[in-house]
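Undergrad: So that we are looking at the same thing, I have put the structure below in structure tokens.
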Amino acid sequence: MTNRENFISMMRRKGYEHVPVEFVLCPHQQKVCREQLGAEDYEAYFGMPWRRVEDLRLKDHDVEKYRKYYQKPLADGADIDLWGVGHEKSPNSMHMTYMRHPMEHMMTVEEMKDYPFPDYASADDSHQAKQVENIKEQDLIALGDMQMTIWECAWYMRSMENLFCDMVTEDGMAEFLLDKVTELSMIRALSYARAGVDVLFLGDDIGMQRTIMMSEELYCTWIKPRLKKIIDEVKKVNPQLLIFYHSCGFVEPLIPHLIEAGIDVLNPIQSECMDFERIYKKYGDRISFHGTIGTQTVMPKGTPQEVKEAVWRNLDIAGEQGGLFVAPTHMVEPEVPFENILAYVEACRTYAGKTGCKK
Amino acid sequence: MTILQEISECLQKGKVKQIKALVQQALDGGEDPKAILNEGLLEGMSVIGGRFKREEIFVPDVLISARTMSMGLSVLEPKLVEVGNKAVGKIVLGTVKGDLHDIGKNLVAMMFKGAGFEVYDLGVDVDAKTFLEKAEEVGADIIGMSALLSTTMPAMKELVDLLEEKGLRDKYTVMIGGAPITDEFAKEIGADYYTPDAASAAEIGKTCVLEKSV
């Protein structure tokens, strides 16, 4: 099998020949990678199966226009993203930022309507098809990464507390904002699909460490129909498109809803929050999984051998048909020993199936 | 239903727009401000906390009830000052140094307010020294620390060590929480309590303070 065939067959639970590796390194770990391995491009160095295709390019989108929306001015050196969300830095927090919400103080739908949302309808898509072609020529999977698709995108602009209160009080503000974000995400998603990506990675955090973030009822009223609408439309463009979906934490009660919305692969199945074996037994005939190696536990605190055993155990659970793209559940943060990253890679490369020997 | 029960119900249902009028009505009717607080607003929050802990309701419901409580308190607080109402206890809380996540911490602050505490929220990226200084300044009973990242968990130990070093360890109850935190970790660093959710945190916090005062 080529890399592309292997990946697609594995994600469709039709068997696989080799176990691909995938992880995202924080800037500190990228530095370690360069110093210890001379790896400038760690995705290429470790032979990851996919590459990201760039999002639509917005025209004349000067984010300075969002600054006036902050009643309390943004801290010096803060970045403003394409949606107007402020990211304040701290010398103590490395790559993490403190998020500020430009729509936090809005009181009416009218104020929301006046907000200068990024104009994706007139954005430039000319680079996307070329990038997809180039990626596929290298026998790689073309990935459209647009996590924080609806709910998170809206919450970042409005603040979680306000958006939840808008949803509960049903005063029209949540409806407007979620519809607007869905409309813009739809444009981005369709553009990725038309450009020919193999995987579209959607996501919105709807789980916390031990419970779901909102009731099933609230989820099904506000988020699920909008997610389904996007997935339905992109699958009309390409029925073979694989929809990955990310939510942190415990989301077990919401998995049937995500399946109904049309997702193909669920990420990241945090081992600290959900038992992969149980989830796989229950839903493994309908969806596949990506992740499962805990970045709160075994990656930072385990031994290299424990990391390997976690990888092998989960691959064993999925079995010969596949259905698991095994990977660390989240970005690999600075406290993860570098040998544990290498142990994860080695475990993937040496896995020889349930009955095979583990070298 | 008495007016105090009505206030509790109103808060549980998160009727933000009605609570002010209801609290005012109770005050006009001659109810004791302390009773409005304890048997109305705080009683309502206690029910909400219990339901949240049992996973019958979720974060949005708690947020809207907490918001309702704040609205009610805005009417009630001047009267509480007049009658010299004393808070159940005082907590200084924040997210530890290097960590900028605050959704969980804010929820804990709301639940402590809902349990009748005076809450001093230091925000995010708070170092051990700042926690201690504020606790000393306001005469806190509890110091609460939050962390979302395994990267920043070790910063929690710095406060416990600092308290030891200054000979103040027994003066404060140290409570910790956040996604990657466990009971084991609390024991390992010498914190007093880890709680898995905001409602349990406020409940344990209240028990501690009441036991201390006996």
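The values are calculated or read from the model by the stated rules, or taken from the named source; none is laboratory data. Owing to the predicted nature of the structure, the values given are computational and were not obtained by experimental measurement. Glycine also receives a Cβ, built like all others from the backbone with ideal geometry; neighbour counts cover every protein chain displayed. Surface areas here come from the heavy atoms of the whole protein model, side chains and all, with no ligands, DNA or RNA. Shrake-Rupley method; radii C 1.70, N 1.55, O 1.52, S 1.80 Å.
Undergrad: State the number of residues belonging to the stretch A:254-263 that are surrounded by fewer than 20 Cβ atoms within 10 Å (Cβ to Cβ) and either out of contact with any helix residue (DSSP H, G or I) (no Cβ under 6 Å at 6 or more places or on another chain) or part of a loop (DSSP other than H, G, I, E, B) (or both).
TA: 4
Okay, residues lined up against (1) among the acidic types (Asp, Glu); (2) within 14 Å of another protein chain (Cβ to nearest Cβ); (3) touching a residue at least 60 places away in the same chain (Cβ under 8 Å):
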site	(1), (2), (3)
A:154	no, yes, no
A:163	no, yes, no
A:175	yes, no, no
A:203	no, no, yes
A:224	no, no, no
A:228	no, no, no
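Undergrad: Let me ask something additional. Mind listing just one residue for me: the one in the stretch B:95-126 that is charged (D, E, K, R) and closer than 20 Å to residue B:173 by Cβ and, of those, farthest from the other protein chains (Cβ to nearest Cβ)?
TA: B:118
Undergrad: With the requirement that a residue be in contact with a Cys (Cβ under 9 Å, 6 or more places away or on another chain) and open to solvent by 40 Å² or more (accessible area, probe 1.4 Å), what does the stretch A:76-120 give you?
TA: A:94, A:95
Undergrad: For the stretch A:235-253, what are the residues that are open to solvent by 30 Å² or more (accessible area, probe 1.4 Å), under 21 Å from residue B:56 (Cα atoms) and either part of a strand (DSSP E or B) or away from every other protein chain (no Cβ under 12 Å) (or both)?
TA: Hit for the stretch A:235-253 is A:250, nothing else.
Undergrad: Further question: Mind listing whichever residues of the stretch A:81-132 are farther than 17 Å from residue A:156 by Cα and within 14 Å of chain B (Cβ to nearest Cβ)?
TA: Matches in the stretch A:81-132: A:90, A:91, A:92, A:93, A:94, A:95.
Undergrad: Same structure again: So, in the stretch A:272-300, how many residues would count as being farther than 25 Å from residue A:232 by Cα, more than 14 Å from chain B (Cβ to nearest Cβ), in a helix (DSSP H, G or I) and open to solvent by 20 Å² or more (accessible area, probe 1.4 Å)?
TA: 3
Undergrad: Can you name the residue in the stretch A:152-192 that is farther than 25 Å from residue A:208 by Cα and touching a strand residue (DSSP E or B) at 6+ places or on another chain (Cβ under 7 Å) and, of all such residues, is surrounded by the fewest Cβ atoms within 10 Å (Cβ to Cβ)?
TA: Here the residue is A:189.
Undergrad: State yes or no: is residue A:232 touching a strand residue (DSSP E or B) at 6+ places or on another chain (Cβ under 9 Å), surrounded by fewer than 20 Cβ atoms within 10 Å (Cβ to Cβ) and not aromatic (Phe, Trp, Tyr)?
TA: no
Undergrad: Exactly one condition in (1) open to solvent by 60 Å² or more (accessible area, probe 1.4 Å); (2) in contact with a Ser or Thr (Cβ under 7 Å, 6 or more places away or on another chain); (3) not small (Gly, Ala, Ser) is not met by residue A:269; state its number.
TA: Only one criterion in (1) open to solvent by 60 Å² or more (accessible area, probe 1.4 Å); (2) in contact with a Ser or Thr (Cβ under 7 Å, 6 or more places away or on another chain); (3) not small (Gly, Ala, Ser) is unmet by residue A:269, namely (1).
Undergrad: Something else now. So is residue A:35 open to solvent by 30 Å² or more (accessible area, probe 1.4 Å), of a type in the set (D, E, K, R) and more than 24 Å from residue B:98 (Cβ to Cβ) or not?
TA: no
Undergrad: Still on this model: Report, by residue number, each residue of the stretch B:48-94 that is in contact (Cβ under 8 Å) with a residue 12 or more places away in the chain, within 12 Å of chain A (Cβ to nearest Cβ), open to solvent by less than 10 Å² (accessible area, probe 1.4 Å) and not aliphatic (A, V, I, L, M).
TA: Residues satisfying the conditions are B:65, B:68.
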